[in-house]
Amino acid sequence: MLDVRTGLSAFAAAALLAACGGEADEGYDNNGNHPNPPVLQITKVEGRYHHGKDAPAAITKAALHLPQTPARTIHLPALDAVSKAALDDDSGPGAMLMAKAQAVAPTDSPAKLAQALEWVRSADGASHAALTIHAADAFGIRLGLLVHALPDQALLHVYSPQGQQVHTFSGADINALLRRNAAAGDHSEEGRTWWSPDLGGDTVTLHLTLPAGLSTQALQLALPRISHGLVDPSAFALGASARQHGEHAQDGEQDPHGVQKYAPIPQASWCALDASCYKTGQAQRDAVARMHYIKNGNGYWCTGTLLNDALETDIPYLLTASHCVSSQTVANTLQTDWFFRSESCNASYVDARRTTRVRGATLLFSSNVSQGQDMALLALNDSAPEGTYLAGWDARLHNIWQDVYSIHHPAGGLAKITNGQTKRYGNCSRTTCQGDAHGRYYEVVWHEGTTQDGSSGAALFSYSNHVIGVLHGGFASCTAQSRPDYHGRLDLAFEAGMKNYLAAAQRPRF
């Protein structure tokens, strides 16, 4: 069964634009962006580190700065074995299931949630209420808030019991995301649901703030379900925690303070190669993210790669597979982990630069499996973290029999690298792939390492360090390395629409 898993500088681009008569400013918005910019006649761009400084959009501060507010705790049972095993999977092959939807009956309507909240007023006249969710045996919780009415001025703060960091979102932020879902045609409850970030652990608190003069009746939210983490997505699960405490904890134990249970990060297959051990792709690995997203309440892992664009705009374009993210509703749930790799070759602890972005993304382009190349292009709603790389790409047709490599997050684990060769072209459906001389995919055979669930969406790099494809899936494993994987061809996706962003002659507006 199929298991899915010549550069142009900004200066040169500007010169080419001028030569094409691209000086007109008609259609620009106040930020200098254009809704439908012309496209430069280029098909190859070099990679580079992005110019910007780290400027995450999420507001963070210590929870102790929030007013003391009584919070009712809702206790949810552990998921039973049947619930954990039932995949209910509409993601297509290759994405790794890492969280399951779990019903929250006590707050599944606006009336029930309102009854669970106890509002208090602070000295500045603002109203505050809080709710804590505890899900037994969860290794992470994402709250699925169904929005019926949410004032733009409202603030939603999400934090864990330790309260070291709070993620704060305004009503305006959330409403903008949900309007984007509606504009893309999703008016369902799924399209009206906002998912909070995953902070790790089995407990999370939602703190609501309404400014003075705004009635609590203006807030109409329901919490009908959470996404219950089945495996620990955090660095807490790695050897870093044990090293910091001078201990070596075993699976299933509590941490040295007895505060939180944890499970190890899922381990990649035994033949997987640590990306930190190789000179190949040393810059390119800084472009790779572990992706966590939600479909129908279930959480999944895939892999994505930042791309440079012809004008070097620093827009954080993220390339992945369409079977991972194929709708704006799913794109809004995206959470990305960066520098999620070992600190040094085969080390058991994570790179100290590891950081997360939690504000979702905008879906710009999607090409499905059967008629297209199983490829999607997103733009992060956050800025890219400082120190990340924007990978170069080559959208020309590439011959078979060339050396290639890929950097990815198999099983949602630390970054791994595979090395191999393209053998021929192929075509894929949702259930199988096969060779085809005129196919839309590259057929790749690995001679070092392998891919598995969670690797889906990873970029295929030529040995000139340019992206030429994206992993759809295939048949490779540690015991069957001669069996091929299939990667959607970038040249076809580029012509089908990606060029409108990656080779835009003016900064696009979206």
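The values are calculated or read from the model by the stated rules, or taken from the named source; none is laboratory data. In this text, all values refer to a predicted model and were calculated from it rather than measured experimentally. Note that each Cβ is placed from the backbone with ideal geometry, even for glycine, and that neighbours are counted across all protein chains shown.
Residues are listed down the side, and each one gets a yes or a no for (1) farther than 28 Å from Asp232 by Cα; (2) part of a strand (DSSP E or B); (3) in contact with a Pro (Cβ under 9 Å, 6 or more places away or on another chain); (4) among the basic types (Lys, Arg):
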site	(1), (2), (3), (4)
Ser370	yes, no, no, no
Gln373	yes, no, no, no
Ser383	no, no, yes, no
Gly387	no, no, no, no
Trp393	yes, yes, no, no
Asn399	yes, no, no, no
Leu414	no, no, no, no
Gln421	yes, yes, no, no
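Those residues that are out of contact with any Phe, Trp or Tyr (no Cβ under 7 Å at 6 or more places or on another chain) and under 26 Å from Glu495 (Cβ atoms), I need them from segment 401-421; list them, please. Show your work before the answer.
First pass over segment 401-421, keeping only residues out of contact with any Phe, Trp or Tyr (no Cβ under 7 Å at 6 or more places or on another chain): 401-402, 407-408, 410-411, 413, 416.
Hits for segment 401-421 are Trp401, Gln402, Ile407, His408.
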Condition set among the aliphatic types (A, V, I, L, M) and not in a strand (DSSP E or B), scope segment 292-318, selection surrounded by the fewest Cβ atoms within 10 Å (Cβ to Cβ): answer is Leu311
For segment 163-197, what are the residues that are in contact with a Pro (Cβ under 6 Å, 6 or more places away or on another chain) and not small (Gly, Ala, Ser)? His167
Given the condition at pLDDT 75 or above and acidic (Asp, Glu), answer yes or no: does some residue in segment 72-89 qualify? yes
Strands (runs of 3 or more DSSP E) (entirely within segment 426-474) containing at least 1 residues that are closer than 17 Å to Ile407 by Cβ: 441-448, 459-462, 466-474
Applying the selection to segment 40-71, what residues are out of contact with any Leu (no Cβ under 9 Å at 6 or more places or on another chain), surrounded by 15 or more Cβ atoms within 10 Å (Cβ to Cβ) and either modelled with pLDDT under 50 or assigned to a strand (DSSP E or B) (or both)? Pro56, Ala58
Identify, by number, the condition in (1) of a type in the set (S, T, N, Q); (2) within 22 Å of Gly420 (Cβ to Cβ); (3) at pLDDT 75 or above that Asn308 doesn't meet. (2)
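Only one of Ala321, Ala331, Ala289 is touching an Asp or Glu at 6+ places or on another chain (Cβ under 9 Å), of a type in the set (Gly, Ala, Ser), farther than 22 Å from Gln481 by Cβ and crowded, with 24+ Cβ neighbours inside 10 Å. Can you tell me which?
Working: Ala321 fails: farther than 22 Å from Gln481 by Cβ; Ala331 fails: touching an Asp or Glu at 6+ places or on another chain (Cβ under 9 Å).
Being touching an Asp or Glu at 6+ places or on another chain (Cβ under 9 Å), of a type in the set (Gly, Ala, Ser), farther than 22 Å from Gln481 by Cβ and crowded, with 24+ Cβ neighbours inside 10 Å holds for just one of Ala321, Ala331, Ala289, which is Ala289.
From the list Ala24, Ala111, Ala19, Ala123, exactly one residue is at pLDDT 90 or above, out of contact with any His (no Cβ under 6 Å at 6 or more places or on another chain), surrounded by fewer than 14 Cβ atoms within 10 Å (Cβ to Cβ) and over 28 Å from Asp198 (Cα atoms). Which is it? Break it down into steps so the answer makes sense when it comes.
Values: Ala24 fails: at pLDDT 90 or above; Ala111 fails: over 28 Å from Asp198 (Cα atoms); Ala19 fails: at pLDDT 90 or above.
On inspection, the qualifying residue turns out to be Ala123.
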Of the residues in segment 132-153, how many are part of a strand (DSSP E or B) and within 16 Å of Ser227 (Cα to Cα)? 10
Note: among Ser160, Ser127, just one is of a type in the set (Ser, Thr, Tyr) and touching a Phe, Trp or Tyr at 6+ places or on another chain (Cβ under 9 Å), namely Ser127
Do we have Phe510 as surrounded by fewer than 21 Cβ atoms within 10 Å (Cβ to Cβ) and within 23 Å of His292 (Cα to Cα) here? yes
Does Ser366 count as of a type in the set (Gly, Ala, Ser), out of contact with any Phe, Trp or Tyr (no Cβ under 9 Å at 6 or more places or on another chain), closer than 25 Å to Asp314 by Cβ and in the same structural domain as Pro316 (by TED's automatic domain parsing)? yes
Scan segment 147-188 for residues that are farther than 28 Å from Arg509 by Cβ and among the small types (Gly, Ala, Ser) and jot them down. Ala149, Ser160, Gly163
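Pick out the one residue from Ala395, Ala379 that is in contact with a strand residue (DSSP E or B) (Cβ under 9 Å, 6 or more places away or on another chain), surrounded by fewer than 20 Cβ atoms within 10 Å (Cβ to Cβ), among the aliphatic types (A, V, I, L, M) and within 25 Å of Cys324 (Cα to Cα).
Working: Ala395 fails: surrounded by fewer than 20 Cβ atoms within 10 Å (Cβ to Cβ).
One residue alone meets the criteria, Ala379.
Quick one: count up the residues across segment 94-110 that are among the polar types (S, T, N, Q) and either under 25 Å from the mean Cα position of the chain (by Cα) or assigned by TED's automatic domain parsing to the domain that holds Asp485 (or both).
Here is the first cut: in segment 94-110, the residues among the polar types (S, T, N, Q) are 102, 107, 109.
From what's left, either under 25 Å from the mean Cα position of the chain (by Cα) or assigned by TED's automatic domain parsing to the domain that holds Asp485 (or both): 102.
Looking only at that region, the number is 1.
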Which residue, of Tyr486, Tyr501, is surrounded by 16 or more Cβ atoms within 10 Å (Cβ to Cβ), over 29 Å from Arg354 (Cα atoms) and aromatic (Phe, Trp, Tyr)? Tyr486
Just one of the numbered conditions (1) at pLDDT below 95; (2) surrounded by 13 or more Cβ atoms within 10 Å (Cβ to Cβ); (3) not basic (Lys, Arg) is not true of Ala101; which one? (1)
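Condition check ((1) more than 27 Å from Met291 (Cα to Cα); (2) at pLDDT 95 or above) across all residues:
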site: Thr216; (1), (2): yes, yes
site: Pro224; (1), (2): no, yes
site: Phe236; (1), (2): no, no
site: Arg243; (1), (2): no, no
site: Pro256; (1), (2): yes, no
site: Ala263; (1), (2): no, no
site: Ala268; (1), (2): no, no
site: Cys277; (1), (2): no, yes
